[in-house]
1. Hey, if you put +1 on the Cβ of every Lys and Arg and -1 on every Asp and Glu Cβ in the chain, which of VAL50, ILE35, ILE4 ends up farthest toward the positive end of that dipole?
2. Just add up the charged neighbours of VAL56: K/R +1, D/E -1, any other residue whose Cβ is under 14 Å from the Cβ of VAL56.
3. Considering Cα pairs under 8 angstrom that are at least six residues apart, work out the relative contact order of region 3-59 and quote it in whole percent.
4. Would you mind working out the magnitude of the charge dipole of the chain relative to its Cα centre, with +1 at each Lys and Arg C-beta and -1 at each Asp and Glu C-beta, to the nearest 20 Debye?
5. Rounding to the nearest 10 and keeping the result within 0 to 90°, find how far the Cα-based axis of helix 17-26 lies from the longest principal axis of the chain.
6. Once you list every other residue whose beta carbon is under 14 Å from the beta carbon of LYS3, what net charge do they have if Lys and Arg are +1 and Asp and Glu are -1?
7. Report the calculated FRET efficiency for LEU24 and GLU58 (r = Cβ-Cβ distance, R0 = 30 Å), to the nearest 0.05.
Amino acid sequence: MSKIKVTKVKSAINRTQRQKRTLLALGLKKIGQTIEHEATPNILGMVAKVNHLVSVEETK
C-alpha cells in the first residue's frame, strides 16, 4: 500500500462534532501538524470527510 501525508491547514472551530472527531481520529490536533498514514479505504474516507480542513500528498 502507498502512504499519504495528511496536514491540518484549517481550524476545527465552528465545525460539526463529527468533523472534529474525524480530525482527532486521524491524529491531527494542531494546525500545521503532519501525520503519515497508509492509504487504506478507511483513512481515505476520513480524509474525504474533512478535505476542506486538510491537505494530502502521496509519498512512497
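Read-outs throughout are calculated quantities, based only on the coordinates presented, and are distinct from any laboratory measurement. None of these values were measured; they are calculated from a predicted model. Note: ideal-geometry Cβ built from the backbone for every residue, glycine included; neighbour counts use all protein chains shown.
1. Result: VAL50.
2. Values: positive: LYS3, LYS5, LYS8, LYS10, LYS49; negative: GLU36, GLU38, GLU57, GLU58.
Here the count lands on +1.
3. Details: 78 pairs, mean separation 32.6, N = 57.
Contact order relative to length: 57 percent.
4. Working: 12 positive and 4 negative charges, 72 e Å.
The calculated dipole for the chain is roughly 340 debye.
5. Helix 17-26 sits at roughly 30 degrees to that axis.
6. -2
7. The computed FRET efficiency comes out at 0.85.
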